[in-house]
Protein chains: 2
Amino acid sequence: MPVGTAATVKAVAQDVLEGIGAEGLGAQIILANTYHLYLRPGHELIARLGGVHDFMSWTRPMLTDSGGFQVFSLSKLRKITDDGVEFRSHLDGSKHFFSPEHSIDVQIALGADIAMVFDECVEHPASYERTRASMGLTHAWAARSKEHFEKHKQRVPWFERVGAGETQRLFGIVQGGMYADLRRESAERLVEIDFPGYAIGGLAVGEPREVTREMIARTLELLPKDKPRYVMGVGYPDEIEEYAKMGVDMMDCVLPTRAGRHGLVFAREGGAIVRMNIKRKEYAEDQGPIDAACSCMVCQRYSRAYLRHLFTTGEALSATLNSIHNLAFYLDTMSRVRGELATTN
Amino acid sequence: MPVGTAATVKAVAQDVLEGIGAEGLGAQIILANTYHLYLRPGHELIARLGGVHDFMSWTRPMLTDSGGFQVFSLSKLRKITDDGVEFRSHLDGSKHFFSPEHSIDVQIALGADIAMVFDECVEHPASYERTRASMGLTHAWAARSKEHFEKHKQRVPWFERVGAGETQRLFGIVQGGMYADLRRESAERLVEIDFPGYAIGGLAVGEPREVTREMIARTLELLPKDKPRYVMGVGYPDEIEEYAKMGVDMMDCVLPTRAGRHGLVFAREGGAIVRMNIKRKEYAEDQGPIDAACSCMVCQRYSRAYLRHLFTTGEALSATLNSIHNLAFYLDTMSRVRGELATTN
């Protein structure tokens, strides 16, 4: 899932997103950040305009996170109680309060197809005791999120319009830090509460990759195979390939767009995935595309020399073209993996 | 002609440019700035890569200015002699020298379809004597530009590739400030030197619009009707409409893209052309398009509310979408004017 933080996948227009990647199928689902949209332009405004799909003119599926991760990583002066989190906006210092109930209210107002329970994201590294206590809070909040969601899900802005009683789906989030037994306990507790999909949160926060892999593997086997299993906030192309092959169904990451803005583009060289820094002098007169095997509109049309020029001169088109290529590269990677899995199974 | 300063029409991809405006015909010709490309990435690099068309992947016509206007408006510590202009780069303070011959060499290396003679742009306001002296220099430089161009035009990077002896075309530039008799003298002198097209330079530099109009009118009648007549650096949509109806064939302006980046978008309201500041609070929940009568991809898809959100949150997509709408608005304006002129004549 490409990340569209403020209801825009940075520097890439919606019609482009609809057509990039393998066979021009485009992104099938994108993510938006509840924390950002809550602050600007505000969830109530978006609800009055029919929900985030209408607001940004995106008819395909969308997912909103709970806001929790951003509250813990971006905001200032957080105060956490069992009830929720008081924090100050990273934009203007204004004071806000998110509880599981409020996160759900905001997400119902935004109206993405998939909403997430409000969870606490523990810092890394964290002790066993700290992680265990935090996980307990997350479980209590998951139950409260679900209860509130079930009670109010018909308030979604498009409820009447779509009809047939259709509502959003609320996914649970497994926590438990880097402790396999806590991950097990968390997965079991979440499955007990019962959600239509499960995320694995709190990974890719600085731990070694073997640990990420182990936590994913241990957790996956405890989650129902017939429901979507989603690893949040990963990763590099080789990581998403690896996790998909382990059985992960959904992932989201800012990397293709954020790396693109910083001049980092992905390519395949002899079967291996490489990262190229497009600003390097060696590309100054390079008339080849980023990746000769890539069929994206950027590789079909523009040279490394031109992309380097756009980056070094600070032109806006640089972020756009690099992001389009990287997003296409990610979607192509997933398409290839799906093909391989279909053949294998 | 949309302006693509550094071989990119800011924030708009080439495939979008090819399809915007009336009947999806796109921009038929774009402009690039010699001064900027000379500094970065350098004209010799662009020549080695086949010229600016190949460099930026744009197969339609292009025009480069002479670099004169930017030398006089952007660079530092200029020293003008009869021979040329010594200046320091606005980027890094490095010292450079542009003569008519050097400007032509750079433009031949860039290889746009149309090149411009190197002229001095007089400041505004300027006395009669100052303007007359500057005009004399401009005429001498025009003759030297043409002589150098004729001698070296076969060096254009695509000369062998295109074949049939095809080369660029060099246009002259009429100066003369805000003095009708100097404009007359300049036009006559330029026609005497003989160019395949003529520009009217040194206007829209702060003078009242009636003066611009008068200078254009007085000059146009002295320039051959069977050759392109080009007013440089104008203007607002109502201005380009007015000048086109007076007989001007070509115009270029950064306004559609620069205004777009600043949140200013153009629309028609009851026959009149209005400028909207998209960041205004009144658009916060406005679900209508910028211009209900506009068929551009922005007006077909996005609301004022969304465009306001993109601008106020500083999202890159804001500049892209505003610029696309404004460019389409300009091209549509010109298309309409052409239709009206075809009916009238």
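The values are calculated or read from the model by the stated rules, or taken from the named source; none is laboratory data. Everything quoted here is computed from the prediction, not taken from an experiment. For neighbour counting, all protein chains shown are included, and Cβ atoms are generated from backbone atoms with ideal geometry for every residue, glycine included. The area values use the complete protein model at the heavy-atom level, side chains included, leaving out ligands, DNA and RNA. Shrake-Rupley method; radii C 1.70, N 1.55, O 1.52, S 1.80 Å.
Charge dipole of the protein assembly as shown (Cα centre as origin; +1 on each Lys and Arg Cβ, -1 on each Asp and Glu Cβ, all else neutral): 760 debye, rounded to the nearest 20. Surface calculation, 1.4 Å probe, protein heavy atoms: B:Arg161 sits at approximately 140 Å² accessible.
Only loop residues by DSSP count here, and only those with at most 16 other Cβ atoms within 10 Å; note down the GluC sites (Glu not before Pro) in region A:272-324 that meet that. Kindly include the intermediate steps, with their values, before the conclusion.
Details: sites: A:Glu282, A:Glu285, A:Glu315; in loops: A:Glu285, A:Glu315.
Passing sites in region A:272-324 are A:Glu285.
Averaging the sequence gap over all C-alpha pairs within less than 8 Å and six or more residues apart, then dividing by the number of residues, gives region B:195-345 a relative contact order of 20 percent. For region B:183-270, the list of trypsin sites (Lys or Arg not before Pro) that fall in a loop by DSSP and count at most 12 other C-beta atoms within 10 angstrom reads B:Lys225.
D for region A:219-345, whole µm²/s, Stokes-Einstein with Kirkwood Rh over alpha-carbon pairs at 4 °C and 1.567 mPa s: what number? The estimated diffusion coefficient comes to 83 µm²/s.
With helices defined as uninterrupted DSSP H runs, which ones in chain B have an alpha carbon span along their own long axis of at least 24 Å and mean Kyte-Doolittle hydropathy of at least 0.0?
Numbers: long enough: B:128-152 (35 Å, -1.25); B:316-344 (42 Å, 0.22).
Within chain B the helices that satisfy the rule are B:316-344.
What percent do you get for the relative contact order of chain B when only Cα pairs under 8 Å and 6+ apart count?
15 percent
The fraction of all Cα pairs in region B:211-287 landing in successive 5 Å bins from 0 to the largest distance is 3, 13, 20, 18, 15, 11, 8, 5, 3, 2, 0, given as whole percents. Taking 4.7 Å between C-beta atoms as the pairing limit, chain B has these partnerless cysteines: B:Cys121, B:Cys253, B:Cys296.
The mean sequence distance of close C-alpha pairs (under 8 Å, at least 6 residues apart), as a share of the length of region A:41-179, puts its relative contact order at 27 percent. Solvent-accessible area of chain A (1.4 angstrom probe, protein heavy atoms only): carbon and sulfur portion equals 50 percent. Taking every DSSP bridge with both residues inside the protein assembly as shown, close to 45 percent are antiparallel.
Please state, to two decimals, what the Cα-based radius of gyration of chain B comes to when divided by 2.2 N^0.38 Å (N = residues). Please list the in-between numbers first.
Details: Rg = 20.4 Å, N = 345, 2.2 N^0.38 = 20.3 Å.
Compared with the compact-globule rule of thumb, chain B sits at 1.00.
Only Cα sites of region B:130-248 enter the Debye sum here, all with the same form factor; the resulting log10 I(q)/I(0) across q = 0.13, 0.19 1/Å is -0.55, -0.99, listed in q order. Accessible-area loss of 20 Å² or more (1.4 Å probe, protein heavy atoms, chain alone versus all protein chains) is found in region B:1-47 for B:Ala6, B:Thr8, B:Lys10, B:Ala11, B:Ala13, B:Gln14, B:Asp15, B:Arg40, B:Leu45. For region A:159-217, the dipole from Cβ point charges (+1 on Lys and Arg, -1 on Asp and Glu) about the Cα centre works out to 180 debye, to the nearest 20. When B:Gly42 is represented by a point 7 angstrom out along its Cα-to-C-beta vector, the spacings to that point in the other copies are 5.4 nm, nearest first. Computed about the Cα centre, the dipole magnitude for region A:53-145 is approximately 240 debye when only Lys and Arg (+1) and Asp and Glu (-1) carry charge, each at its Cβ. Region B:70-143 and region A:46-92 have their alpha-carbon centroids 54 Å apart.
Can you give me the accessible area per residue for chain B, using a 1.4 Å probe, in Å²? Intermediate results must be reported in sequence, preceding the final value.
Numbers: 13920 Å² over 345 residues.
Here the residues of chain B average 40 Å² of exposed surface.
Site pair A:Glu18 and B:Asp194 shows an inter-label distance of 5.5 nm when each label is modelled 7 Å from Cα along Cα→Cβ.
Shown for region A:313-335: residues covered by the partner protein chains by 10 Å² or more of accessible area relative to the chain by itself (probe radius 1.4 Å), namely A:Thr313, A:Glu315, A:Ala316, A:Leu317, A:Thr320. Among the GluC sites (Glu not before Pro) in region A:191-271, those located in a DSSP loop and surrounded by at most 15 other Cβ atoms within 10 Å of their own Cβ are A:Glu221.
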